[in-house]
Amino acid sequence: MANKYRNLPISEWPHFEVRWDLSVAGQRFFDDGVNHDKFLESYPRPLKIAWVCLAELDSVLVPASRRSNNEIWTIGIPEKVADIIAYLVDGNSITPPAVAEYHAKLVIVGGHHRLAVCRAKNMETVPVLVEENDAGALAQILKALRWQDAIQ
């Protein structure tokens, strides 16, 4: 089903809502669904969730983490964007992207395609996942954010 969305101009996308999976169990999917045990080995504590302004987030991303709507089908793996669209059209929820601090900027460590879909949908705010040790840096880099606990 996702193939029918591949390379489709944003103006022709079907209607869908971006729903977020804010559960602790769903956090492992930020990294393309790494297996549960491997995820817990890398992230023994749940990641923090911050709701951020997407435009502000984009303004502080390192260049390799930025993508414009004109690049939605040309950077990365187009099939992933199409898969996300199909998944959301079916009413499913996606895991927020994850970010980390890198030299006073932010880098996307998982979720480039999810953010690309959010940009294309002109979303104003999005949740991001961040490790606890990067939470202070995130709060210093981004002026407007709101913390939320993950759903157990």
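Put in order of Cβ neighbour count within 10 Å, fewest first, the listed residues MET1, MET123 become MET1, MET123. Annotation: the antiparallel percentage among DSSP beta bridges lying fully within the chain is about 75. The trypsin sites (Lys or Arg not before Pro) of segment 107-152 meeting both criteria, a DSSP state outside H, G, I, E and B (loop) and at most 13 other C-beta atoms within 10 angstrom of the site's C-beta, are LYS143. With kT/(6 pi eta Rh) evaluated at 10 °C and eta = 1.306 mPa s, and Rh the Kirkwood radius from Cα pairs, segment 31-75 diffuses with a coefficient of 118 µm²/s according to Stokes-Einstein. Solvent-free Debye calculation, one equal scatterer per alpha-carbon of the chain: log10 I(q)/I(0) at 0.11, 0.12, 0.17, 0.18 Å⁻¹ equals -0.40, -0.48, -0.99, -1.10.
Our summary of shape: the Cα atoms of segment 71-123 have principal axis extents of 38, 24, 19 Å, ordered from largest down, in whole angstrom.
Dipole check for segment 40-152: with +1 at the C-beta of Lys and Arg, -1 at the C-beta of Asp and Glu, and the Cα centre as origin, the magnitude is about 240 Debye. Ignoring lysines fewer than eight residues from LYS121 along the same chain, the ones with Cα atoms less than 21 angstrom from its Cα are LYS4, LYS80.
The region of the chain that goes longest without hitting one of the GluC sites (Glu not before Pro) in a DSSP loop, each with at most 12 other Cβ atoms within 10 Å, is 18-123.
Residues of segment 87-117 falling in the label zone of LYS80, defined by backbone nitrogen less than 12 Å from a point 7 Å along Cα to beta-carbon, are 97-98, 108-117.
Read-outs throughout are calculated quantities, based only on the coordinates presented, and are distinct from any laboratory measurement. None of the values given here were measured: they were computed from a predicted structure. In this analysis, Cβ positions are derived from the backbone assuming ideal geometry, glycine residues included, and neighbour counts consider all displayed protein chains.
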